[in-house]
Every structure is written in structure tokens, then in C-alpha cells.
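S.K.: Got a structure for you, questions after.
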Ligand code: NAD
């Protein structure tokens with residue numbers, strides 16, 4: 001049986017499956033997910049070689065962490081077999097990147113996840129805080145959490161790519177182990193590509209999330225809260241229709257596109273059912289054996305050309 005590829009995550013020594021399990025859907029953010037579906041999805045993911053699970057206290061107002069923790073506990077997964085990341089600083093009631101809040105946050109997360117430590121603790125969506133606070137207060141607090149053994153590695157996440165260079169140029173070398181970028185490495189937007197040499201030079205591991213552009217590149221389309229412009233939504237709808245007409249699946253080619261770049265250690269896809277897990281793992285395996293459908297990719301790229309790298313504002317004005 002073909003095996004899902006594992007890739008080194010920066011200098012962490014962690015080996016993560018190239019396809020990671022994004023657990024935000026387990027917080028019901030893309031629609032309700034039953035416990036049975038969540039459990040079956042996590043079980044199948046593990047069986048098919050996915051070892052990386054990402055969550056946050058923000059997803060579903062702590063529901064995602066609780067559901068993921070319950071699933072991993074019920075399945076009695078050996079701790080050393082999985083890589084679990086969660087986040088701090090973003091909550092249902094707003095942002096708080098203070099040392100006091102993030103220090104309390106990790107204990108709350110560990111209790112919900114039923115774990116003694118997480119492998120990665122990220123500052124979540126740092127463009128909504130002061131980046132200087134992230135450098136001078138939050139990252140030092142996370143170093144203490146790391147020293148206490150509650151997190152093995154530290155990361156930062158967010159949408160605008162400039163936040164990563166701002167922080168990495170100012171934080172002490174080695175204090176940030178990984179970055180998590182989202183919606184910047186899919187067929188409609190591959191802006192992350194330009195940043196990869198810089199991230200490599202800093203020895204920082206790269207996690208890319210949302211290859212399906214948070215639902216834009218799926219048959220079901222995006223959730224109501226999706227921030228894309230109507231122009232981008234409509235171009236993505238056109239790709240869905242094009243693929244359907246040809247008897248192809250937009251999500252499959254979109255995921256395969258994101259998986260092709262090996263400088264990106266792992267691609268996080270939000271999954272809420274065993275069917276999605278099965279389809280996504282099959283897409284990854286097919287990519288390794290057969291490569292991507294180049295003709296279809298070029299057709300989809302041509303449809304998306306007018307909106308290529310179009311993104312949306314996120315966060316507060318820094319300065
Ligand atoms: P995504 O692009 O992975 O899309 C998820 C949507 O696609 C969900 O509705 C899911 O049910 C659906 N889907 C998955 N597989 C499918 C398939 N085969 N066919 C049809 N539909 C399918 O977006 P996402 O969930 O936002 O991102 C993935 C994960 O990355 C998140 O769960 C989260 O863990 C992480 N993430 C982090 C940040 C951050 O830190 N700021 C931001 C975005 C995402």
C-alpha cells in the first residue's frame with residue numbers, strides 16, 4: 001500500500017505527514033459535525049498515515065480543541081505517534097497576546113486536548129495584535145512555556161505575509177520554529193512562494209493551510225463568513241463548474257497543487273468526515289504516483305488568472 005509522504009518540519013526534527021488534519025471544521029465552523037463523524041474522520045486519518053493535527057481555542061469557541069482531544073483520547077493514540085498544534089492569543093471574545101493570557105491559555109488548551117504538552121504552540125493571527133508586543137512579550141512568554149515542557153516548538157500564524165518577516169527579523173534567532181500561512185498557496189494565490197527562500201534562510205519550518213481557499217475551491221462553495229470579494233468568489237465558482245462539466249473534482253486538483261511544493265512541509269486541510277479524509281489522502285497518493293493533471297491545472301489557472309493573488313484585508317494597521 002502506498003504511504004503518505006512525511007516531510008521534515010524546518011529544524012524541529014518533527015516529521016509531519018505532507019497532508020495535515022485541520023481541525024477547525026470540528027468546531028462546526030463550516031457546518032455542524034456529529035461526534036461520530038469527527039471520531040470516524042480522525043480514526044481514518046490516523047489509519048491512512050496522517051500524523052499532524054492542528055486546532056485552536058478560537059475554532060468554535062474551544063469546541064474544536066475539545067472534540068479533537070476527545071477523539072484522540074477515545075482512540076488511545078500513542079502520544080509520540082502524533083504531532084499536535086494549537087494556538088493562543090485569539091479567542092471567541094477577541095485577541096489577547098499578553099504574557100498573562102497566553103500563559104493561562106496553554107493550560108486551558110492542554111486540559112481540553114487531554115494532553116500534557118503540544119508539539120507546536122502558535123500565536124494565532126498576529127496581525128490583529130501589535131507585532132512589537134508579539135516580539136517583546138508574547139514570544140518570550142512562549143519560550144517560558146516551552147521551557148516548562150508544555151509546548152515543544154513555537155510558531156506564528158496569520159494572513160498578510162509581511163507579518164512573518166517583521167517578527168522573524170526582530171525575534172531572537174531560534175525563538176520561532178515554524179510559521180503557519182494560510183490562503184497563500186493554492187491555485188488562486190501562491191504568494192507564499194516568494195517568501196520560501198527567506199524562511200529557509202531563517203531555518204523556520206513552513207506550514208501552509210487552506211489549500212481549498214477555505215471552501216472557495218470546493219463543490220459546496222465557501223461558508224457565509226468567507227471574506228473573499230464577490231469577484232474572487234465568482235471566479236472560483238466558475239472553476240468548480242468547469243471541473244464538474246469535465247467530470248473532475250476541483251478540490252482534488254487544488255489540494256494536489258498545494259502538495260507539489262516540497263519546501264512546504266505540510267498542507268493543512270480542514271476535514272469533517274471520513275469521506276473527505278479518504279478523498280484527500282487518495283489525492284495525495286495519486287499525486288505521488290501519477291503526478292498532477294496538467295491540462296486541467298492549466299484550464300483552472302486560466303479561469304483564475306484575472307483574480308490571481310487577490311486577497312483580503314486582515315488585521316490592524318501596524319505602526
Ligand atoms: P480549507 O481550504 O482546508 O477548506 C476547508 C473546507 O473544505 C471545509 O468546508 C471542508 O469540509 C472542505 N473540504 C475538505 N476536503 C474536501 C474535499 N475532499 N472535497 C470537498 N470539500 C472538502 O480551509 P481551512 O479548514 O480553513 O484550513 C485548513 C486548516 O488550516 C484549518 O482547519 C486550521 O487548522 C488551519 N488554518 C489556520 C489558520 C490560522 O492559523 N490563522 C487559518 C486558516 C486555516
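The values are calculated or read from the model by the stated rules, or taken from the named source; none is laboratory data. Treat the numbers as computed from the prediction; the structure is a model and nothing was measured. Note: ideal-geometry Cβ built from the backbone for every residue, glycine included; neighbour counts use all protein chains shown.
S.K.: Check whether at least one residue in segment 213-228 is touching a helix residue (DSSP H, G or I) at 6+ places or on another chain (Cβ under 7 Å) and part of a helix (DSSP H, G or I), and report yes or no. Please lay out each step first, then the result.
M.R.: In the first step, residues of segment 213-228 are kept if they are touching a helix residue (DSSP H, G or I) at 6+ places or on another chain (Cβ under 7 Å); the result is 213, 216-219, 221-223, 226.
From what is left, the residues that are part of a helix (DSSP H, G or I) are 213.
Looking for residues that are touching a helix residue (DSSP H, G or I) at 6+ places or on another chain (Cβ under 7 Å) and part of a helix (DSSP H, G or I), one finds at least one in segment 213-228, hence yes.
S.K.: For segment 256-279, name all the residues that are touching a helix residue (DSSP H, G or I) at 6+ places or on another chain (Cβ under 8 Å), more than 7 Å from the ligand (Cβ to nearest atom) and either more than 29 Å from residue 35 (Cβ to Cβ) or part of a loop (DSSP other than H, G, I, E, B) (or both). So that I can check it myself, show each step before the final result.
M.R.: We begin by selecting, within segment 256-279, every residue touching a helix residue (DSSP H, G or I) at 6+ places or on another chain (Cβ under 8 Å); these are 256-257, 259-261, 263-264, 267, 269-274, 276-279.
So of that shortlist, the ones also more than 7 Å from the ligand (Cβ to nearest atom) come out as 256-257, 259-261, 263-264, 267, 273-274, 277-278.
Hits for segment 256-279 are 256, 257, 259, 260, 261, 263, 264, 273.
S.K.: So, residue 162, is that one closer than 26 Å to residue 9 by Cα and more than 14 Å from the ligand (Cβ to nearest atom) or not? Quick ask: steps written out before the conclusion?
M.R.: On the way: closer than 26 Å to residue 9 by Cα: yes; more than 14 Å from the ligand (Cβ to nearest atom): yes.
Judged against the criteria, residue 162 is a match.
S.K.: Looking at this structure, is residue 202 within 20 Å of residue 294 (Cα to Cα) and either loosely packed, with under 15 Cβ neighbours inside 10 Å or in contact (Cβ under 8 Å) with a residue 24 or more places away in the chain (or both)? Break it down stepwise before answering.
M.R.: Working: within 20 Å of residue 294 (Cα to Cα): no; either loosely packed, with under 15 Cβ neighbours inside 10 Å or in contact (Cβ under 8 Å) with a residue 24 or more places away in the chain (or both): yes.
In short, no.
S.K.: Within segment 1-42, how many residues turn out to be in a strand (DSSP E or B), touching a strand residue (DSSP E or B) at 6+ places or on another chain (Cβ under 7 Å) and within 12 Å of the ligand (Cβ to nearest atom)?
M.R.: Within segment 1-42, the subset in a strand (DSSP E or B) is 6-8, 15-17, 19-22, 29, 31.
Checking which are touching a strand residue (DSSP E or B) at 6+ places or on another chain (Cβ under 7 Å) leaves us with 6-8, 15-17, 19-22.
Then keep just the ones that are within 12 Å of the ligand (Cβ to nearest atom); that gives 19-22.
Counting residues in segment 1-42 that are in a strand (DSSP E or B), touching a strand residue (DSSP E or B) at 6+ places or on another chain (Cβ under 7 Å) and within 12 Å of the ligand (Cβ to nearest atom) gives 4.
S.K.: Let me ask something additional. Can you tell me how many residues within segment 280-291 are surrounded by 15 or more Cβ atoms within 10 Å (Cβ to Cβ) and either away from the ligand (no atom under 12 Å from the Cβ) or without any contact (Cβ under 8 Å) to a residue 40 or more places away in the chain (or both)?
M.R.: Taking segment 280-291 as the starting set, the residues that turn out to be surrounded by 15 or more Cβ atoms within 10 Å (Cβ to Cβ) are 280-281, 283-287.
Now narrow it down to the ones that are either away from the ligand (no atom under 12 Å from the Cβ) or without any contact (Cβ under 8 Å) to a residue 40 or more places away in the chain (or both): 283, 285-287.
Of the residues in segment 280-291, 4 are surrounded by 15 or more Cβ atoms within 10 Å (Cβ to Cβ) and either away from the ligand (no atom under 12 Å from the Cβ) or without any contact (Cβ under 8 Å) to a residue 40 or more places away in the chain (or both).
S.K.: Related question: Could you pull out the residue among 235, 228, 213 that is away from the ligand (no atom under 14 Å from the Cβ), modelled with pLDDT of 95 or more and buried (at least 17 other Cβ atoms within 10 Å of the Cβ)?
M.R.: On the way: 228 fails: away from the ligand (no atom under 14 Å from the Cβ); 213 fails: away from the ligand (no atom under 14 Å from the Cβ).
Result: 235 is the single residue among 235, 228, 213 that is away from the ligand (no atom under 14 Å from the Cβ), modelled with pLDDT of 95 or more and buried (at least 17 other Cβ atoms within 10 Å of the Cβ).
S.K.: Here's a follow-up. Kindly indicate which of 253, 207 is touching a residue at least 12 places away in the same chain (Cβ under 8 Å), part of a helix (DSSP H, G or I) and crowded, with 17+ Cβ neighbours inside 10 Å.
M.R.: Details: 207 fails: part of a helix (DSSP H, G or I).
On inspection, the qualifying residue turns out to be 253.
S.K.: Another question about this same structure. Among 39, 26, 44, 68, which is under 21 Å from residue 210 (Cα atoms), modelled with pLDDT of 95 or more and surrounded by fewer than 23 Cβ atoms within 10 Å (Cβ to Cβ)? Step through it out loud before you land on a result.
M.R.: Values: 39 fails: under 21 Å from residue 210 (Cα atoms); 26 fails: surrounded by fewer than 23 Cβ atoms within 10 Å (Cβ to Cβ); 68 fails: surrounded by fewer than 23 Cβ atoms within 10 Å (Cβ to Cβ).
The conditions single out 44.
S.K.: Exactly one condition in (1) in contact (Cβ under 8 Å) with a residue 24 or more places away in the chain; (2) assigned to a helix (DSSP H, G or I); (3) more than 14 Å from the ligand (Cβ to nearest atom) is false for residue 244; which is it?
M.R.: Here residue 244 clears every test but (3).
S.K.: Would you check if residue 192 is crowded, with 21+ Cβ neighbours inside 10 Å and farther than 26 Å from residue 36 by Cβ? It would help to see each step written out before you state the result.
M.R.: Details: crowded, with 21+ Cβ neighbours inside 10 Å: yes; farther than 26 Å from residue 36 by Cβ: yes.
Taking the combined requirement at face value, the residue satisfies it.
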